Amino acid sequence: MTSLPDAPRLLFVGGARAVSHSRDIVTDALTQARDRGIRTHIINRAETLDVTADVNALADGVSVVDPDDPAACVRWARERLARGERFDLVMGLRDTVLASAADVAAVVGAPGNPPDAARRARTKDTCRTALAAAGFRQPAVRLCHGLDDAAAFVAEAPGPWVVKPRDSTASIGVRKVTAPADLRAAVEALPSQDEFLVEQFVEGPEFSVEGVFLGGRPHVLAVTAKTKLPPPHFVEIGHVLPADLPEPGRRRIDDEVTSALTALGLRFGPFHVELWLTAEGVVLGEVHARPGGDWLHRLLTYAVPGLEMFGPIYDDALGRPVEPAPPVTRAAAAYFFAPAPGRLTEVRGWSGLLAHPAVLHAELTVRPGDVLPATHRESSDRAGAVVVGAETSAEARALALKLAGSIEFVTG
(Lines give C-alpha, C1' and ligand atoms only; values in the text may rest on other atoms or scores of the structure.)
Protein backbone atom coordinates (compact mmCIF):
# COMPACT_ATOMS: atom_id res chain seq x y z
CA MET A 1 0.00 0.00 0.00
CA THR A 2 1.35 3.46 -0.92
CA SER A 3 1.09 6.05 1.82
CA LEU A 4 -0.69 9.36 1.15
CA PRO A 5 0.53 12.81 2.30
CA ASP A 6 -2.05 12.82 5.12
CA ALA A 7 -1.34 9.19 6.05
CA PRO A 8 -0.64 8.23 9.67
CA ARG A 9 2.95 8.84 10.71
CA LEU A 10 5.15 6.56 12.80
CA LEU A 11 8.28 7.82 14.54
CA PHE A 12 10.79 5.04 15.00
CA VAL A 13 13.06 5.94 17.92
CA GLY A 14 16.38 4.17 17.50
CA GLY A 15 15.63 2.20 14.35
CA ALA A 16 17.94 -0.79 14.00
CA ARG A 17 21.27 -1.69 15.53
CA ALA A 18 23.97 -3.13 13.30
CA VAL A 19 23.45 -6.71 14.54
CA SER A 20 21.53 -8.93 12.15
CA HIS A 21 18.54 -9.85 14.29
CA SER A 22 17.86 -6.17 15.08
CA ARG A 23 17.98 -5.29 11.39
CA ASP A 24 15.54 -8.11 10.65
CA ILE A 25 13.09 -7.06 13.39
CA VAL A 26 13.10 -3.43 12.27
CA THR A 27 12.67 -4.47 8.64
CA ASP A 28 9.51 -6.34 9.69
CA ALA A 29 8.25 -3.34 11.66
CA LEU A 30 8.83 -0.89 8.80
CA THR A 31 7.40 -3.23 6.17
CA GLN A 32 4.23 -3.85 8.17
CA ALA A 33 3.81 -0.09 8.58
CA ARG A 34 4.32 0.57 4.87
CA ASP A 35 1.82 -2.16 3.98
CA ARG A 36 -0.76 -0.21 6.00
CA GLY A 37 -0.04 3.09 4.33
CA ILE A 38 1.78 4.46 7.39
CA ARG A 39 4.62 6.91 6.77
CA THR A 40 7.73 6.23 8.87
CA HIS A 41 10.59 8.34 10.18
CA ILE A 42 13.70 7.01 11.98
CA ILE A 43 15.85 8.89 14.46
CA ASN A 44 19.22 7.39 15.36
CA ARG A 45 22.89 8.19 15.81
CA ALA A 46 24.78 9.06 12.64
CA GLU A 47 27.25 6.20 13.01
CA THR A 48 24.41 3.67 13.44
CA LEU A 49 22.46 5.08 10.51
CA ASP A 50 25.57 4.65 8.36
CA VAL A 51 25.77 0.90 9.03
CA THR A 52 22.03 0.24 8.74
CA ALA A 53 21.42 2.13 5.49
CA ASP A 54 19.58 -0.75 3.81
CA VAL A 55 17.04 -0.89 6.65
CA ASN A 56 16.69 2.90 6.82
CA ALA A 57 15.90 2.98 3.10
CA LEU A 58 12.54 1.42 3.95
CA ALA A 59 11.57 4.54 5.93
CA ASP A 60 10.18 7.77 4.49
CA GLY A 61 12.60 9.91 6.45
CA VAL A 62 15.68 9.76 8.69
CA SER A 63 17.12 12.25 11.18
CA VAL A 64 20.26 12.23 13.32
CA VAL A 65 19.28 12.25 17.00
CA ASP A 66 20.72 10.26 19.90
CA PRO A 67 17.85 7.83 20.67
CA ASP A 68 19.30 7.00 24.10
CA ASP A 69 18.93 10.65 25.19
CA PRO A 70 15.27 11.30 26.12
CA ALA A 71 15.78 15.06 26.41
CA ALA A 72 17.33 15.28 22.94
CA CYS A 73 14.51 13.21 21.46
CA VAL A 74 11.86 15.39 23.11
CA ARG A 75 13.55 18.59 21.84
CA TRP A 76 13.58 17.19 18.31
CA ALA A 77 9.93 16.15 18.56
CA ARG A 78 8.89 19.57 19.85
CA GLU A 79 10.72 21.24 16.97
CA ARG A 80 8.85 19.05 14.51
CA LEU A 81 5.53 19.81 16.16
CA ALA A 82 6.29 23.54 15.96
CA ARG A 83 6.81 23.12 12.20
CA GLY A 84 3.35 21.60 11.86
CA GLU A 85 4.38 17.96 11.67
CA ARG A 86 2.63 15.24 13.63
CA PHE A 87 3.32 11.68 14.73
CA ASP A 88 0.42 9.32 15.35
CA LEU A 89 2.61 6.44 16.54
CA VAL A 90 5.94 6.22 18.34
CA MET A 91 7.89 2.95 18.55
CA GLY A 92 11.19 1.89 20.09
CA LEU A 93 12.43 -1.68 19.92
CA ARG A 94 15.46 -1.87 22.19
CA ASP A 95 15.90 -1.32 25.90
CA THR A 96 18.05 1.79 25.76
CA VAL A 97 15.48 3.82 23.77
CA LEU A 98 12.31 2.89 25.67
CA ALA A 99 12.38 5.93 27.96
CA SER A 100 12.89 8.21 24.95
CA ALA A 101 10.02 6.57 23.07
CA ALA A 102 7.70 6.93 26.06
CA ASP A 103 8.62 10.59 26.61
CA VAL A 104 8.17 11.45 22.93
CA ALA A 105 4.84 9.63 22.71
CA ALA A 106 3.59 11.69 25.66
CA VAL A 107 4.75 14.93 24.03
CA VAL A 108 3.21 14.25 20.61
CA GLY A 109 0.02 12.75 22.03
CA ALA A 110 0.56 9.27 20.61
CA PRO A 111 -0.29 6.00 22.36
CA GLY A 112 2.60 4.66 24.40
CA ASN A 113 3.80 3.38 27.73
CA PRO A 114 3.63 5.94 30.55
CA PRO A 115 7.15 7.36 30.99
CA ASP A 116 7.34 6.32 34.66
CA ALA A 117 6.24 2.77 33.79
CA ALA A 118 8.80 2.53 30.99
CA ARG A 119 11.59 3.58 33.35
CA ARG A 120 10.36 1.34 36.18
CA ALA A 121 10.39 -1.75 33.96
CA ARG A 122 13.70 -0.79 32.34
CA THR A 123 15.62 -0.48 35.63
CA LYS A 124 16.16 -4.01 36.94
CA ASP A 125 16.14 -3.39 40.68
CA THR A 126 13.28 -0.89 40.50
CA CYS A 127 11.25 -3.40 38.51
CA ARG A 128 11.94 -6.15 41.07
CA THR A 129 10.95 -3.86 43.92
CA ALA A 130 7.69 -2.92 42.21
CA LEU A 131 6.83 -6.54 41.43
CA ALA A 132 7.61 -7.68 44.97
CA ALA A 133 5.44 -4.89 46.38
CA ALA A 134 2.61 -6.06 44.13
CA GLY A 135 2.87 -9.59 45.53
CA PHE A 136 4.89 -11.36 42.82
CA ARG A 137 7.71 -13.77 43.69
CA GLN A 138 11.07 -12.08 43.31
CA PRO A 139 14.62 -12.92 44.35
CA ALA A 140 16.13 -10.59 46.93
CA VAL A 141 18.21 -7.90 45.22
CA ARG A 142 20.39 -4.96 46.27
CA LEU A 143 21.68 -1.99 44.35
CA CYS A 144 25.36 -1.87 45.29
CA HIS A 145 27.94 0.90 45.11
CA GLY A 146 31.16 -1.00 45.51
CA LEU A 147 32.44 -4.28 46.90
CA ASP A 148 31.53 -3.52 50.52
CA ASP A 149 27.84 -3.16 49.66
CA ALA A 150 27.93 -6.43 47.74
CA ALA A 151 29.69 -8.25 50.58
CA ALA A 152 27.08 -7.00 53.07
CA PHE A 153 24.25 -8.34 50.93
CA VAL A 154 25.96 -11.70 50.44
CA ALA A 155 26.37 -11.96 54.21
CA GLU A 156 22.62 -11.44 54.72
CA ALA A 157 20.95 -13.30 51.82
CA PRO A 158 21.29 -17.05 51.28
CA GLY A 159 23.32 -17.97 48.19
CA PRO A 160 24.19 -18.62 45.50
CA TRP A 161 24.06 -15.09 44.11
CA VAL A 162 24.22 -13.32 40.77
CA VAL A 163 26.28 -10.19 40.15
CA LYS A 164 25.08 -8.09 37.20
CA PRO A 165 25.14 -4.55 35.82
CA ARG A 166 22.16 -2.41 36.71
CA ASP A 167 21.60 -1.40 33.11
CA SER A 168 22.85 -3.85 30.49
CA THR A 169 21.74 -6.63 28.13
CA ALA A 170 23.16 -9.67 26.29
CA SER A 171 24.49 -11.21 29.55
CA ILE A 172 27.27 -8.60 29.70
CA GLY A 173 28.94 -8.74 33.12
CA VAL A 174 26.48 -11.27 34.56
CA ARG A 175 28.13 -13.89 36.77
CA LYS A 176 27.07 -16.50 39.31
CA VAL A 177 28.81 -16.46 42.69
CA THR A 178 28.67 -19.61 44.79
CA ALA A 179 30.94 -18.53 47.66
CA PRO A 180 31.69 -15.15 49.28
CA ALA A 181 35.35 -15.61 48.39
CA ASP A 182 34.42 -15.40 44.69
CA LEU A 183 32.57 -12.12 45.01
CA ARG A 184 35.54 -9.81 44.42
CA ALA A 185 36.39 -11.38 41.06
CA ALA A 186 32.77 -11.08 39.89
CA VAL A 187 32.57 -7.42 40.89
CA GLU A 188 35.91 -6.58 39.30
CA ALA A 189 34.70 -8.15 36.01
CA LEU A 190 31.72 -5.78 35.79
CA PRO A 191 31.69 -3.01 33.16
CA SER A 192 31.35 -0.56 36.09
CA GLN A 193 31.87 -1.11 39.81
CA ASP A 194 30.23 2.18 40.77
CA GLU A 195 26.66 0.89 40.50
CA PHE A 196 25.58 -2.72 40.04
CA LEU A 197 23.20 -5.37 41.36
CA VAL A 198 23.61 -8.48 43.46
CA GLU A 199 20.60 -10.77 43.70
CA GLN A 200 19.79 -14.28 44.82
CA PHE A 201 20.22 -17.00 42.22
CA VAL A 202 16.95 -18.68 41.19
CA GLU A 203 17.01 -22.43 40.56
CA GLY A 204 14.70 -23.78 37.87
CA PRO A 205 14.14 -24.07 34.12
CA GLU A 206 14.03 -20.75 32.29
CA PHE A 207 11.41 -19.47 29.89
CA SER A 208 10.40 -16.27 28.20
CA VAL A 209 6.99 -15.02 27.18
CA GLU A 210 6.48 -13.23 23.87
CA GLY A 211 3.47 -11.01 23.33
CA VAL A 212 1.90 -7.69 22.42
CA PHE A 213 -0.36 -5.11 24.03
CA LEU A 214 -3.71 -4.53 22.33
CA GLY A 215 -6.31 -2.22 23.77
CA GLY A 216 -3.85 -1.50 26.58
CA ARG A 217 -3.91 -5.15 27.72
CA PRO A 218 -1.15 -7.76 27.36
CA HIS A 219 -1.80 -10.68 25.01
CA VAL A 220 0.55 -13.67 25.16
CA LEU A 221 1.54 -15.12 21.79
CA ALA A 222 3.87 -17.92 22.91
CA VAL A 223 6.17 -19.21 25.64
CA THR A 224 9.80 -20.00 24.78
CA ALA A 225 12.04 -22.55 26.51
CA LYS A 226 15.58 -21.27 27.02
CA THR A 227 18.92 -23.01 27.46
CA LYS A 228 22.09 -21.37 28.76
CA LEU A 229 25.73 -22.34 28.91
CA PRO A 230 26.85 -23.60 32.33
CA PRO A 231 27.62 -20.98 34.99
CA PRO A 232 29.35 -18.91 36.16
CA HIS A 233 28.18 -16.91 33.13
CA PHE A 234 24.65 -16.82 31.71
CA VAL A 235 25.00 -16.83 27.94
CA GLU A 236 21.91 -18.13 26.15
CA ILE A 237 22.70 -20.98 23.78
CA GLY A 238 19.30 -22.24 22.63
CA HIS A 239 15.59 -21.42 22.32
CA VAL A 240 12.60 -23.60 21.51
CA LEU A 241 9.17 -22.12 20.72
CA PRO A 242 6.64 -23.13 21.86
CA ALA A 243 7.96 -24.48 25.15
CA ASP A 244 6.84 -28.06 25.73
CA LEU A 245 4.71 -27.35 28.80
CA PRO A 246 1.54 -28.98 30.15
CA GLU A 247 -1.48 -26.73 29.75
CA PRO A 248 -1.84 -25.91 33.48
CA GLY A 249 1.78 -24.75 33.62
CA ARG A 250 1.35 -22.66 30.52
CA ARG A 251 -1.78 -21.02 31.95
CA ARG A 252 0.04 -20.19 35.20
CA ILE A 253 2.80 -18.53 33.24
CA ASP A 254 0.36 -16.56 31.08
CA ASP A 255 -1.59 -15.37 34.12
CA GLU A 256 1.50 -14.38 36.09
CA VAL A 257 3.06 -12.45 33.21
CA THR A 258 -0.06 -10.59 32.15
CA SER A 259 -0.81 -9.66 35.76
CA ALA A 260 2.75 -8.42 36.27
CA LEU A 261 2.75 -6.30 33.12
CA THR A 262 -0.51 -4.74 34.21
CA ALA A 263 0.82 -4.09 37.71
CA LEU A 264 3.87 -2.34 36.25
CA GLY A 265 1.63 0.00 34.27
CA LEU A 266 2.83 -1.06 30.81
CA ARG A 267 0.27 -0.88 28.02
CA PHE A 268 1.80 -0.46 24.55
CA GLY A 269 3.94 -2.31 22.02
CA PRO A 270 5.52 -5.76 22.11
CA PHE A 271 6.85 -7.41 25.27
CA HIS A 272 9.36 -10.10 26.24
CA VAL A 273 9.32 -11.31 29.86
CA GLU A 274 11.82 -13.79 31.31
CA LEU A 275 11.00 -16.15 34.18
CA TRP A 276 11.82 -19.34 36.02
CA LEU A 277 9.56 -22.23 37.00
CA THR A 278 10.50 -23.22 40.54
CA ALA A 279 9.13 -25.57 43.17
CA GLU A 280 7.29 -22.57 44.64
CA GLY A 281 5.86 -21.46 41.29
CA VAL A 282 6.65 -18.81 38.70
CA VAL A 283 9.45 -16.38 39.58
CA LEU A 284 9.60 -13.42 37.24
CA GLY A 285 12.91 -12.29 35.80
CA GLU A 286 13.55 -9.27 33.62
CA VAL A 287 10.64 -7.46 31.96
CA HIS A 288 11.21 -5.90 28.54
CA ALA A 289 8.74 -3.65 26.71
CA ARG A 290 10.21 -4.69 23.35
CA PRO A 291 10.54 -7.90 21.32
CA GLY A 292 12.93 -10.64 22.35
CA GLY A 293 16.28 -10.73 20.59
CA ASP A 294 18.28 -13.73 19.41
CA TRP A 295 15.93 -14.40 16.46
CA LEU A 296 12.93 -15.07 18.71
CA HIS A 297 10.81 -13.04 16.30
CA ARG A 298 11.70 -15.47 13.51
CA LEU A 299 10.81 -18.47 15.69
CA LEU A 300 7.53 -16.83 16.59
CA THR A 301 6.41 -15.99 13.08
CA TYR A 302 7.22 -19.49 11.88
CA ALA A 303 5.42 -21.24 14.74
CA VAL A 304 2.39 -18.95 14.27
CA PRO A 305 1.74 -18.92 10.50
CA GLY A 306 0.29 -15.63 9.34
CA LEU A 307 1.33 -13.71 12.45
CA GLU A 308 2.42 -10.09 12.20
CA MET A 309 3.96 -8.78 15.40
CA PHE A 310 3.74 -5.06 14.64
CA GLY A 311 0.80 -4.65 12.26
CA PRO A 312 -1.88 -5.35 14.90
CA ILE A 313 -0.19 -2.88 17.28
CA TYR A 314 -0.41 -0.17 14.61
CA ASP A 315 -4.00 -1.03 13.71
CA ASP A 316 -5.07 -1.05 17.35
CA ALA A 317 -3.43 2.29 18.09
CA LEU A 318 -5.04 3.86 15.02
CA GLY A 319 -8.50 2.56 15.88
CA ARG A 320 -8.57 0.10 13.00
CA PRO A 321 -10.05 -3.42 13.27
CA VAL A 322 -7.66 -5.99 14.73
CA GLU A 323 -7.97 -9.66 13.94
CA PRO A 324 -7.24 -12.18 16.74
CA ALA A 325 -3.72 -13.62 16.60
CA PRO A 326 -3.51 -16.99 14.82
CA PRO A 327 -2.75 -20.00 17.05
CA VAL A 328 0.62 -21.71 17.43
CA THR A 329 0.51 -24.65 15.01
CA ARG A 330 4.20 -25.36 14.37
CA ALA A 331 7.51 -25.11 16.24
CA ALA A 332 10.93 -23.55 15.77
CA ALA A 333 14.28 -23.60 17.52
CA ALA A 334 17.49 -21.61 17.53
CA TYR A 335 20.92 -22.84 18.55
CA PHE A 336 24.01 -20.67 18.94
CA PHE A 337 27.58 -21.78 18.28
CA ALA A 338 30.02 -21.68 21.19
CA PRO A 339 33.10 -23.47 19.82
CA ALA A 340 36.30 -24.36 21.64
CA PRO A 341 38.97 -21.65 21.88
CA GLY A 342 41.77 -21.04 19.43
CA ARG A 343 42.57 -19.15 16.24
CA LEU A 344 39.97 -20.13 13.63
CA THR A 345 41.37 -21.50 10.39
CA GLU A 346 38.31 -23.06 8.76
CA VAL A 347 34.59 -23.75 9.24
CA ARG A 348 33.51 -27.12 7.85
CA GLY A 349 29.99 -28.24 7.04
CA TRP A 350 28.48 -24.80 6.53
CA SER A 351 27.25 -25.30 2.97
CA GLY A 352 25.48 -28.49 4.01
CA LEU A 353 23.73 -26.73 6.87
CA LEU A 354 22.57 -23.90 4.59
CA ALA A 355 21.14 -26.41 2.13
CA HIS A 356 18.88 -28.06 4.69
CA PRO A 357 15.25 -27.25 3.83
CA ALA A 358 14.22 -26.66 7.45
CA VAL A 359 16.76 -23.86 8.02
CA LEU A 360 14.99 -20.53 8.44
CA HIS A 361 18.14 -18.54 9.10
CA ALA A 362 21.81 -19.26 9.67
CA GLU A 363 24.79 -17.00 10.17
CA LEU A 364 28.41 -17.04 11.22
CA THR A 365 29.78 -14.09 13.16
CA VAL A 366 33.40 -15.26 12.96
CA ARG A 367 35.77 -15.88 10.07
CA PRO A 368 39.18 -17.48 9.59
CA GLY A 369 41.83 -15.57 11.50
CA ASP A 370 39.53 -14.67 14.39
CA VAL A 371 40.47 -15.85 17.87
CA LEU A 372 37.66 -17.85 19.50
CA PRO A 373 37.34 -17.03 23.22
CA ALA A 374 38.27 -19.45 25.98
CA THR A 375 35.16 -18.41 27.95
CA HIS A 376 31.81 -17.27 26.62
CA ARG A 377 30.99 -14.37 28.91
CA GLU A 378 28.35 -12.55 26.84
CA SER A 379 26.20 -13.04 23.77
CA SER A 380 28.71 -11.44 21.41
CA ASP A 381 31.22 -14.20 22.24
CA ARG A 382 29.07 -16.72 20.35
CA ALA A 383 30.14 -17.64 16.81
CA GLY A 384 26.78 -17.57 15.03
CA ALA A 385 23.40 -19.26 14.99
CA VAL A 386 21.08 -21.62 13.17
CA VAL A 387 17.27 -21.28 13.26
CA VAL A 388 15.05 -24.15 12.12
CA GLY A 389 11.37 -24.90 11.76
CA ALA A 390 9.60 -28.21 12.41
CA GLU A 391 6.19 -29.65 13.24
CA THR A 392 6.83 -30.13 16.98
CA SER A 393 9.01 -28.58 19.64
CA ALA A 394 10.89 -31.85 20.18
CA GLU A 395 11.63 -32.15 16.46
CA ALA A 396 12.77 -28.53 16.23
CA ARG A 397 15.08 -28.90 19.21
CA ALA A 398 16.60 -32.14 17.92
CA LEU A 399 17.15 -30.73 14.43
CA ALA A 400 18.77 -27.55 15.69
CA LEU A 401 21.17 -29.56 17.84
CA LYS A 402 21.93 -31.94 14.97
CA LEU A 403 22.69 -29.18 12.50
CA ALA A 404 24.76 -27.25 15.02
CA GLY A 405 26.71 -30.44 15.71
CA SER A 406 27.43 -30.85 12.01
CA ILE A 407 29.59 -27.69 11.99
CA GLU A 408 33.28 -28.03 12.75
CA PHE A 409 35.27 -24.99 13.82
CA VAL A 410 38.88 -25.84 12.97
CA THR A 411 41.55 -24.01 14.95
CA GLY A 412 45.27 -24.00 14.72
Legend entry - Probe 1.4 Å - accessible area at residue 47, Å² to nearest ten: 110 Å²
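Can you give me the orientation-averaged projected area of the convex hull built on the Cα atoms of region 165-260, in nm²?
Values: hull surface 31.1 nm².
Mean projected area of the Cα convex hull: 7.8 nm².
At 10 °C and 1.306 mPa s, grab the translational diffusion coefficient of region 224-341 from Stokes-Einstein with a Kirkwood Rh over Cα pairs, rounded to a whole number in µm² per second.
Values: Rh = 16.1 Å.
My calculation gives 99 µm²/s for D.
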Legend entry - Amide H within-cut-off set for residue 90, under 5 Å, with H built and near neighbours excluded: 11
Inset, instruction - Place +1 on the Cβ of every Lys and Arg and -1 on the Cβ of every Asp and Glu in the chain, take the dipole about the Cα centre, and give the residue among 317, 207, 352 whose Cα lies farthest towards its positive end. - result: 317
Legend entry - Evaluated over region 79-157, the Cα radius of gyration and Dmax, each in Å: 17.9, 59
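Compute the convex hull volume of the Cα atoms of the chain, divide it by the residue count, and report the result per residue in Å³ as a whole number. Working shown, then result.
Working: hull volume 60.1 nm³, N = 412.
Considering the Cα atoms of the chain, their hull volume per residue is 146 Å³.
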Legend entry - Positive-end residue of 159, 98, 26, charge dipole of the chain with Cβ unit charges: 26
Inset, instruction - Between beta-carbons, use under 15 Å as the cut-off and find the net charge around residue 388, counting Lys and Arg +1, Asp and Glu -1. - result: 0
Inset, instruction - Would you please state the base-10 log of I(q)/I(0) at q = 0.16, 0.21 1/Å for region 286-412, with intensities from the Debye formula using one equal scatterer on every alpha carbon? - result: -0.86, -1.18
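Give, rounded to the nearest 20 debye, the magnitude of the charge dipole that the chain has about its Cα centre when Lys and Arg contribute +1 at Cβ and Asp and Glu contribute -1 at Cβ.
Numbers: 43 positive and 52 negative charges, 60 e Å.
Rounded to the nearest 20 debye, it is 280 debye.
Report, in debye and to the nearest 20, how large the dipole of region 66-128 comes out about its Cα centre when Lys and Arg carry +1 and Asp and Glu carry -1 on their Cβ.
Details: 11 positive and 10 negative charges, 25 e Å.
Computed charge dipole of region 66-128: roughly 120 debye.
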Inset, instruction - Give, rounded to the nearest 20 debye, the magnitude of the charge dipole that region 155-281 has about its Cα centre when Lys and Arg contribute +1 at Cβ and Asp and Glu contribute -1 at Cβ. - result: 200 debye
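Note down the net charge around residue 144, summing +1 for each Lys or Arg and -1 for each Asp or Glu among other residues with Cβ under 12 Å from its Cβ.
Numbers: positive: 142, 164, 166; negative: 125, 148, 149, 194, 195, 199.
Counting the neighbours of residue 144, the net charge comes to -3.
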Legend entry - Calculated SAXS-style log₁₀ I(q)/I(0) at q = 0.09, 0.19 Å⁻¹ - region 48-181, Debye, Cα scatterers: -0.41, -1.11
Inset, instruction - Give the accessible area for residue 195 in Å² (nearest 10); use a 1.4 Å probe, count only protein heavy atoms, and leave out ligands, DNA and RNA. - result: 80 Å²
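The values are calculated or read from the model by the stated rules, or taken from the named source; none is laboratory data. Computed from a prediction, not measured in an experiment: that's the story for all the values here. So basically every Cβ, Gly included, is an ideal-geometry build from the backbone, and we count neighbours across all protein chains shown. Heavy atoms of the whole protein, side chains included, go into the accessibility calculation; ligands, DNA and RNA do not. Shrake-Rupley method; radii C 1.70, N 1.55, O 1.52, S 1.80 Å.
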